């Protein structure tokens, strides 16, 4: 069990550029979540996948954001035409169908938009 | 609309003493509550959870208490250790998708 991994760990980009982040959940975890955390705040829910189906999206997820989980394993989060307000830590979490309710988080991708 | 609130941004305690972190919520429909610990440059790490039908859950040095009538929960750490210094988040499990709604976090400093 290698845990949840995210790539890249850090991304610096210029306003208007597109960025894509990847999340590899714990193997056989069928539920995957994306969250965003800004300074001084707790993580905020962005979107949820069960297997390959995206079942919920937050109002925070504007049209510039898109997420996929094509084969029900890894997931990608793309932000188009980045804005300075997109600067944040993007966290991925996964969980399985076991008795526990906890989600296991990756280390996050820190995005800085200049 | 902040459904989960941690009103104390920071807490400082002496090593060996008790740390009490507090959390309030507004939605009586939450099924579970969880506590996470977060070190800088790492993702949140799960500590302990409690079902809404319980009023206490204990795991080693960590105990969570739930007061449903007050919509309040607290995390007790006894005895506190310097390695416990971190940001602690309270979270509530919401809806069928199991998404977590987090509080703003409390930074705990345990002094040797």
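For the reader, a short list of remarks on this structure follows.
- Relative contact order (%) - criterion: Cα under 8 Å, at least six apart; region: chain B: 37
- Here the contact order of chain A, divided by its residue count and restricted to Cα pairs under 8 Å and six or more residues apart, works out to 37 percent.
- DSSP beta bridges in the protein assembly as shown [antiparallel fraction, %, rounded to 5]: 90
- Sequence of A:63, A:86, A:7 once ranked by neighbouring C-beta atoms within 10 Å, starting from the fewest: A:63, A:7, A:86
- Principal axis dimensions, chain A - Cα atoms, whole angstrom, descending: 42, 25, 22
- Over all Cα atoms in chain B, the spread is summed up by Rg and Dmax: 13.4, 43 Å.
- Beta bridge orientation in region B:7-112: antiparallel %, DSSP, nearest 5: 90
- If both residues of a DSSP beta bridge must be in region A:13-114, then about 95% of such bridges are antiparallel.
- Here the Gaussian network model covers chain A, with springs between Cα atoms less than 10 Å apart; of A:82, A:13, A:47, A:13 fluctuates the most.
- Centroid-to-centroid separation of region A:57-85 and region A:1-17 [C-alpha atoms, Å]: 13
- Gaussian network model of chain B, Cα within-10 Å springs - most flexible of B:27, B:67, B:96: B:96
- Label-point separation, residue A:62 to residue B:57 (7 Å along Cα→Cβ), nm: 3.7
- Near-label residues of region B:16-35 by backbone N, under 13 Å of a point 7 Å along Cα→Cβ of residue B:74: B:18-24
- Residue of A:46, A:61, A:77 that the Gaussian network model of chain A assigns the largest fluctuation, springs spanning Cα pairs under 10 Å: A:61
- Distance histogram for the protein assembly as shown (every C-alpha pair counted, 10 angstrom bins, percent rounded to whole numbers): 8, 33, 35, 19, 5, 0
Values quoted throughout were computed directly from the atomic coordinates according to the rules given, and no laboratory measurement underlies them. Computed from a predicted structure; not experimentally measured. So basically every Cβ, Gly included, is an ideal-geometry build from the backbone, and we count neighbours across all protein chains shown.
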